[in-house]
1. Does residue 275 qualify as being surrounded by 18 or more Cβ atoms within 10 Å (Cβ to Cβ), in the same structural domain as residue 68 (by TED's automatic domain parsing) and closer than 30 Å to residue 7 by Cβ?
2. Got a number for residues in region 237-261 being out of contact with any helix residue (DSSP H, G or I) (no Cβ under 7 Å at 6 or more places or on another chain) and free of Cβ contacts under 8 Å to residues at least 60 places away in the same chain?
3. For the list (1) in contact with a strand residue (DSSP E or B) (Cβ under 8 Å, 6 or more places away or on another chain); (2) surrounded by 23 or more Cβ atoms within 10 Å (Cβ to Cβ); (3) without any contact (Cβ under 8 Å) to a residue 24 or more places away in the chain, I need the number of the one condition that residue 145 fails.
4. What do you reckon, is residue 168 under 30 Å from residue 313 (Cβ atoms), out of contact with any strand residue (DSSP E or B) (no Cβ under 7 Å at 6 or more places or on another chain) and either at pLDDT 95 or above or assigned by TED's automatic domain parsing to the domain that holds residue 43 (or both)?
5. In the set 224, 191, which member is closer than 19 Å to residue 303 by Cβ, in contact (Cβ under 8 Å) with a residue 24 or more places away in the chain, surrounded by fewer than 19 Cβ atoms within 10 Å (Cβ to Cβ) and not assigned by TED's automatic domain parsing to the domain that holds residue 113?
6. Would you check which residues across region 282-300 are surrounded by 16 or more Cβ atoms within 10 Å (Cβ to Cβ) and closer than 19 Å to residue 121 by Cα and list them?
7. Checking residue 256 against (1) over 22 Å from the mean Cα position of the chain (by Cα); (2) surrounded by 18 or more Cβ atoms within 10 Å (Cβ to Cβ), which test does it fail?
């Protein structure tokens with residue numbers, strides 16, 4: 001099944017994205033229309049605004065992706081679209097566009113899981129990756145651990161019981177009046193800060209399972225700064241950010257390494273928006289080198305929500321015969 005062109009569409013949250021990928025590995029185009037500036041003043045994504053903006057730009061983004069790929073709509077072999085999990089209104093826009101293309105062109109419709117697509121962001125740049133590895137997806141909406149066996153069966157082995165890591169970054173950035181999205185801002189400040197400035201707790205390290213919790217860590221920072229308002233002075237923000245970030249990173253890494261040992265894996269794939277965090281990437285590389293574990297991390301642009309990973313996964317679903325029909329629906333929550 002060589003030379004298959006897959007059009008990917010991603011609208012699970014606030015980014016409108018479309019891409020064309022050949023055979024699950026050759027990216028021909030990658031178009032993303034971000035809504036960060038729109039949602040910045042609210043300190044987070046407003047679902048109704050997000051869905052309305054998707055409607056405004058979805059056709060433009062798809063057309064640009066096809067044109068930039070140097071192909072025509074009639075050349076596309078299948079359309080792959082995220083239909084879970086995510087914001088219902090946003091997902092409906094992407095799925096509606098994909099259904100229209102599928103029907104009009106008479107090509108297969110493939111609905112994919114956004115989280116599984118994140119895992120495949122690593123497969124896209126290294127198609128030789130085999131099964132039996134650990135997948136850590138860490139973003140604004142998700143922080144979960146998965147074991148992928150030799151048959152590529154994906155099993156969730158750990159998840160956050162409250163806030164996702166990226167959500168904690170956003171909430172603390174909003175509390176500190178730093179801006180949105182919080183993760184990149186805190187990462188930037190942290191590079192100039194002392195991570196040992198405050199010894200924040202490392203939640204659930206001794207829980208006996210592979211789950212995460214970041215809500216209490218957020219509360220710890222708020223409590224400390226209310227008790228000692230001097231911590232909120234401008235000269236302390238870099239150190240405060242670095243300490244908070246280090247606590248999150250330490251938990252993510254230690255839990256993942258423990259899971260890797262528990263499941264006998266020698267490969268770890270990290271993905272999701274927080275996988276772009278510089279401290280997380282650096283510390284992961286260091287510990288994986290020490291533990292003789294192979295670390296896979298996508299380039300920064302593939303960590304964020306994008307349609308390239310959706311098209312990549314769509315190709316593998318197509319060759320496996322996993323196609324949908326026009327009755328496909330969207331789901332706000334969904335397990336892998």
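The values are calculated or read from the model by the stated rules, or taken from the named source; none is laboratory data. All values reported here derive from a predicted model rather than from experimental measurement. Here Cβ is always computed from backbone atoms with ideal geometry, including for glycine, and neighbour counts include all displayed protein chains.
1. On the way: surrounded by 18 or more Cβ atoms within 10 Å (Cβ to Cβ): yes; in the same structural domain as residue 68 (by TED's automatic domain parsing): no; closer than 30 Å to residue 7 by Cβ: yes.
Considered against the rule, which asks whether it is surrounded by 18 or more Cβ atoms within 10 Å (Cβ to Cβ), in the same structural domain as residue 68 (by TED's automatic domain parsing) and closer than 30 Å to residue 7 by Cβ, residue 275 comes out as no.
2. Applying the first criterion (out of contact with any helix residue (DSSP H, G or I) (no Cβ under 7 Å at 6 or more places or on another chain)) to region 237-261 yields 239, 243, 250-251, 254-256, 258-261.
Those left that are additionally free of Cβ contacts under 8 Å to residues at least 60 places away in the same chain: 239, 243, 250-251, 254, 258, 261.
Final tally of qualifying residues: 7.
3. Going through (1) in contact with a strand residue (DSSP E or B) (Cβ under 8 Å, 6 or more places away or on another chain); (2) surrounded by 23 or more Cβ atoms within 10 Å (Cβ to Cβ); (3) without any contact (Cβ under 8 Å) to a residue 24 or more places away in the chain one by one, residue 145 breaks only (3).
4. So residue 168 fits the description; yes.
5. Numbers: 224 fails: closer than 19 Å to residue 303 by Cβ.
Only one candidate passes the filter, namely 191.
6. 284, 295, 296, 297, 298
7. Only one criterion is unmet by residue 256, namely (1).
Every residue, every condition in (1) surrounded by 21 or more Cβ atoms within 10 Å (Cβ to Cβ); (2) more than 30 Å from residue 176 (Cβ to Cβ); (3) in contact with a helix residue (DSSP H, G or I) (Cβ under 8 Å, 6 or more places away or on another chain), yes or no:
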{"position": "26", "(1), (2), (3)": "no, yes, no"}
{"position": "50", "(1), (2), (3)": "yes, no, yes"}
{"position": "56", "(1), (2), (3)": "no, yes, no"}
{"position": "59", "(1), (2), (3)": "no, yes, yes"}
{"position": "64", "(1), (2), (3)": "no, yes, no"}
{"position": "78", "(1), (2), (3)": "yes, yes, yes"}
{"position": "82", "(1), (2), (3)": "yes, yes, yes"}
{"position": "90", "(1), (2), (3)": "yes, no, yes"}
